[in-house]
Amino acid sequence: MVLSVLLTGCAASFEGGVVDPEAADQAVSELFSDTGERVLLQGGASELDQRALDQTASPNDEKFAIRTEQGIFMMTQMQLNQYLAQRRAEQMGQAQAAAAAASSASIQNPYGRVVSRTIVPPSGIDQQPTSAAAFDPTSIKSTLSVPGAFERYVGPALAFTRGPSGMKNADGTYPCVMTLDDGPHHTRDAKIYDILDAKGIKAVFFFVGNKVKINPNTAKTALARGHEIGYHSWDHKNLRAESLATVKEDFRKGMEVFNNLGIKPKFFRPPFGNYNAGIIATAQGYGMEVINWTNDSLDWKIKTASGITAHVLEQSAPGDIVLLHSIRDRSVEALPDVIDGLRAQGCRFVSLETWITRATS
């Protein structure tokens, strides 16, 4: 997904090891695969150390789960900028060779698949004739996910095609599930509850533990209004990159907060869709099954409510588990049209418990 030259191009202009802010923002926005997972970055020559990264970050800084050849590391925006700058320097020779190529060419990605790209200067950044030519990272198109980045299974024993392939009802309709991640947010989730009530459907809210601690009444309201609540980790770490001890502590903290509010989730959705045997066993130890999604709205990437709606409806299929995030206004704005559009295509919203019973029967 991310090519060595992409890392060079998206950190388009730096001086003294500092990436141009606009280029860094663009780079961060491109560090996702089509499934929403942070994509693989090719590792650099220098060794990355998670403890060193943690020591140089403020406790309040947001961190991103970044996969490199050396493993997965939690980086702040500043650390990510520095990493991109380093990668740009390391790849300068390759970029100079690419700049001499034709304006359209084919290059080989780390996994052997040839993708086409066009070299185009990114808007708002001055070209430097003596340095490597920059290009627009969005010109790179790929339909493949990074190997190992996002689990291809909705659940540990449930392939993507398992649910949709046999989910049609006799009248041509099909069951589907609406899920919303990353809350609770005290205003957006409250709006969502009202929308769902107006539409007459129930949804599944995969709440983050530390946000439940901050917004306990919003979380309890979801339960009181008949929605299912699932666990989505304590603080949205990529748990597959963590030790089993860290995974267990994550669940311990989260379930303590949930259970104190009378919430006993039956489902766990791992951040970024990533799970392994230890995560599955830990979740099952708390009475939860691991479940991901089949229809990703890409609302983290698509900037308009209408665009989110169009994307969900375009890729909808019988038996969908739809993924939205309650942390963005545009997702809340899109929700009514997404519901109406899916219904028009045959979707009949059911609980996740009902869906799993149907999919595994």
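Scanning the stretch 235-259 for residues that are touching a strand residue (DSSP E or B) at 6+ places or on another chain (Cβ under 8 Å) and not aromatic (Phe, Trp, Tyr) turns up 237, 238, 240, 241, 254, 255. Would you call residue 185 surrounded by 19 or more Cβ atoms within 10 Å (Cβ to Cβ) and farther than 19 Å from residue 352 by Cβ? It is true that residue 185 is surrounded by 19 or more Cβ atoms within 10 Å (Cβ to Cβ) and farther than 19 Å from residue 352 by Cβ.
Yes/no per residue for (1) over 19 Å from residue 354 (Cβ atoms); (2) of a type in the set (Val, Ile, Thr); (3) in contact (Cβ under 8 Å) with a residue 40 or more places away in the chain:
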{"position": "274", "(1), (2), (3)": "yes, no, yes"}
{"position": "279", "(1), (2), (3)": "yes, yes, yes"}
{"position": "289", "(1), (2), (3)": "no, no, yes"}
{"position": "294", "(1), (2), (3)": "no, yes, yes"}
{"position": "297", "(1), (2), (3)": "yes, no, yes"}
{"position": "304", "(1), (2), (3)": "yes, yes, no"}
{"position": "312", "(1), (2), (3)": "yes, yes, no"}
{"position": "321", "(1), (2), (3)": "no, yes, yes"}
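In this structure, residue 230 does not satisfy being assigned by TED's automatic domain parsing to the domain that holds residue 320 and either surrounded by fewer than 16 Cβ atoms within 10 Å (Cβ to Cβ) or assigned to a helix (DSSP H, G or I) (or both).
For the stretch 203-225, the criterion of being at pLDDT 95 or above, out of contact with any Asp or Glu (no Cβ under 9 Å at 6 or more places or on another chain) and among the charged types (D, E, K, R) is met by at least one residue. When you check residue 329 against the structure, is it under 16 Å from residue 175 (Cβ atoms) and in contact (Cβ under 8 Å) with a residue 40 or more places away in the chain, yes or no? No: the conditions fail for residue 329. Checking the condition under 27 Å from residue 294 (Cα atoms) and modelled with pLDDT under 95, which residue from 123, 165, 131, 116 passes? Matching residue, one of 123, 165, 131, 116: 165.
Looking at 264, 253, just one residue is over 29 Å from residue 350 (Cβ atoms) and in contact with a helix residue (DSSP H, G or I) (Cβ under 9 Å, 6 or more places away or on another chain), and that residue is 253.
For residue 307, are the conditions met, namely being in contact with a Lys or Arg (Cβ under 7 Å, 6 or more places away or on another chain) and modelled with pLDDT of 90 or more?
So residue 307 does not fit the description; no.
For the stretch 177-197, a residue qualifies if it is assigned to a helix (DSSP H, G or I), farther than 14 Å from residue 229 by Cβ and without any contact (Cβ under 8 Å) to a residue 60 or more places away in the chain, and the qualifying residues are 190, 194, 197. The set of residues in the stretch 208-251 that are touching a residue at least 40 places away in the same chain (Cβ under 8 Å), among the small types (Gly, Ala, Ser) and over 21 Å from residue 327 (Cα atoms) contains only 241. Evaluate the following for residue 177: is it buried (at least 23 other Cβ atoms within 10 Å of the Cβ) and either on the phi < 0 side of the Ramachandran plot or at pLDDT 95 or above (or both)? For residue 177, the condition - buried (at least 23 other Cβ atoms within 10 Å of the Cβ) and either on the phi < 0 side of the Ramachandran plot or at pLDDT 95 or above (or both) - is met.
Among the residues of the stretch 288-332, the ones that are in a helix (DSSP H, G or I) and either touching a His at 6+ places or on another chain (Cβ under 7 Å) or of a type in the set (Ser, Thr, Tyr) (or both) come to 3 in all. Which of the residues belonging to the stretch 259-283 are closer than 23 Å to residue 300 by Cα and not in a helix (DSSP H, G or I)? Answer for the stretch 259-283, where residues must be closer than 23 Å to residue 300 by Cα and not in a helix (DSSP H, G or I): 267, 268, 269, 270, 274, 275.
The values are calculated or read from the model by the stated rules, or taken from the named source; none is laboratory data. The shown structure was predicted, so the numbers you read here are calculated from the model rather than taken from an experiment. Glycine gets a Cβ as well: all are built from the backbone with ideal geometry, and neighbour counts include every protein chain shown.
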